[in-house]
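What follows is one structure encoded as structure tokens, with my remarks underneath.
The values are calculated or read from the model by the stated rules, or taken from the named source; none is laboratory data. On a predicted model such as this, the values are computed, not experimentally measured, just so you know. For neighbour counting, all protein chains shown are included, and Cβ atoms are generated from backbone atoms with ideal geometry for every residue, glycine included.
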Amino acid sequence: MTLSDISAKQARLGVFRPLSPSLVRNLEEWFLVELTYTSNALEGNTLSRRETAAVVEKGLTVGGKTLVEHLEATNHAKALKDVLRLSQSSTQELQRADILQLHATVLHGIDDVNAGQYRSIPMRISGSPVVLPNPIKVPDLMDDFIEWIHASAAKHPVELAAEAHYQFVTIHPFVDGNGRTARLLMNLILMQNGYPPAIIRTRDRMKYIGGLEQAQLGGSKDGYNQLILNAVDRSLDIYLKAVAGEGMDPTEMTEPDLLRIGQLAKATEESNATIRFWTKEGLLVLADTTAAGYQLYHPDMIQRVARIRELQAQRFTLSEIKGKLD
């Protein structure tokens, strides 16, 4: 997948524009849940897609989930609606206030002290050798970042969105919520240029984090850039299928071949009880829960189980293991 391929697919979609209001509404509602679910899950939120939809669309409370997880869902959905509004403004350029407001929305009720405020303390990314900028430099770095976005309008929108995301997380301007805010900004740039938002699949979490870290340490950005290209490509496919009258199957896009707890236990030679315990402790992440109540896991949890056992053999505690997995 290349930028030229993406442009060609975007041109195919352009033939159908303007899309019908009902189709646009359906797509926006679908992406609202999907983006909220995946972006939060990447950060460790354990709400399933179905649970996220219940919280976002119906305002329901999910038993066994924390208040913070509920707030993360409602906040992200509200921030996405703000992104949609900003993307539809034909005259307004991105400003510092827009970024701070998005971040304030993401952390509303979770960390009101730091919400919408640049960090004033040194930060380290857990388990990463990446060195983040001194907090004194953050305001100027962010002003330069915003000016760079304004000056880069001639870049391909997908290239610009990916680079903006990378630069933002490298500055790491906030105490918390950097990843979610970076993905919101990336999708704002895409949507401002007529592209659908990019969804980073939770199954691609390690590739995503690894690609960013490799680039931040001076390595190639190719893996990271390709991951973003593929994400935009999948979203374009969703739009093209929608205009062709085909339904939107969420499992097709982000959650293929999910494993039930028994299948994960068998694949890893662990007991169901162990898998349940590690899930409860936050070491394993649920991908979804079926209507019958079956817990579903991504296949990449198989590698995570192996990693947990490896760390246990090194006598790390559960809390230490969780920190190394995050």
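Every residue in segment 209-219 that is surrounded by fewer than 21 Cβ atoms within 10 Å (Cβ to Cβ) and not aliphatic (A, V, I, L, M), please.
Gly210, Glu213, Gln214, Gln216, Gly218, Gly219
Table: residues versus (1) surrounded by fewer than 18 Cβ atoms within 10 Å (Cβ to Cβ); (2) among the basic types (Lys, Arg); (3) at pLDDT 95 or above.
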{"position": "Phe31", "(1), (2), (3)": "no, no, yes"}
{"position": "Glu34", "(1), (2), (3)": "no, no, yes"}
{"position": "Leu42", "(1), (2), (3)": "no, no, no"}
{"position": "Arg50", "(1), (2), (3)": "yes, yes, no"}
{"position": "Glu93", "(1), (2), (3)": "yes, no, no"}
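Do we find that Leu107 is over 14 Å from Leu184 (Cα atoms) and in contact with a Gly (Cβ under 6 Å, 6 or more places away or on another chain) in this structure?
no
Quick check on my filter: what residues within segment 304-319 are under 22 Å from Lys207 (Cα atoms) and either touching a helix residue (DSSP H, G or I) at 6+ places or on another chain (Cβ under 8 Å) or in the same structural domain as Leu42 (by TED's automatic domain parsing) (or both)?
Hits for segment 304-319 are Arg304, Val305, Ala306, Arg307, Ile308, Leu311.
Quick one: which of Asp112, Asp82 is assigned to a loop (DSSP other than H, G, I, E, B) and acidic (Asp, Glu)?
Asp112
If you check Ala182, Ala215, which single one turns out to be without any contact (Cβ under 8 Å) to a residue 40 or more places away in the chain, of a type in the set (A, V, I, L, M, F, W, C) and not in a loop (DSSP other than H, G, I, E, B)?
Answer to the check: Ala182.
Of everything in segment 97-136 that's of a type in the set (S, T, N, Q) and crowded, with 16+ Cβ neighbours inside 10 Å, which residue is nearest to the chain's Cα centre (by Cα)?
Looking at residues that are of a type in the set (S, T, N, Q) and crowded, with 16+ Cβ neighbours inside 10 Å, I get Thr105.
May I ask you to say which residue of Gln117, Gln92 is under 22 Å from Leu71 (Cβ atoms) and in a loop (DSSP other than H, G, I, E, B)?
Gln117
Sort through His150, His172 and tell me the only one that's under 25 Å from Asn114 (Cβ atoms) and touching a residue at least 24 places away in the same chain (Cβ under 8 Å).
On inspection, the qualifying residue turns out to be His172.
When segment 168-198 is examined, which residues are found to be more than 30 Å from Pro122 (Cα to Cα) and among the aromatic types (Phe, Trp, Tyr)?
Tyr195
Looking at segment 190-211, which of its residues are closer than 14 Å to Leu229 by Cα and either of a type outside the set (Gly, Ala, Ser) or in a helix (DSSP H, G or I) (or both)?
Hits for segment 190-211 are Leu190, Tyr195, Pro196, Pro197, Ile199, Ile200, Arg201, Asp204, Lys207, Tyr208, Gly211.
Going residue by residue through segment 157-176, is there one that turns out to be more than 18 Å from the chain's Cα centre (by Cα), in a loop (DSSP other than H, G, I, E, B) and modelled with pLDDT of 95 or more?
There is no residue in segment 157-176 that is more than 18 Å from the chain's Cα centre (by Cα), in a loop (DSSP other than H, G, I, E, B) and modelled with pLDDT of 95 or more.
Looking at segment 218-248, which of its residues are among the aliphatic types (A, V, I, L, M), farther than 15 Å from Gly179 by Cβ and touching a residue at least 60 places away in the same chain (Cβ under 8 Å)?
Of everything in segment 218-248, those that are among the aliphatic types (A, V, I, L, M), farther than 15 Å from Gly179 by Cβ and touching a residue at least 60 places away in the same chain (Cβ under 8 Å) turn out to be Leu229, Val232, Leu236, Ile238, Leu240, Ala242, Val243, Met248.
Criterion first (at positive phi and over 19 Å from the mean Cα position of the chain (by Cα)) does Gly63 satisfy it?
no
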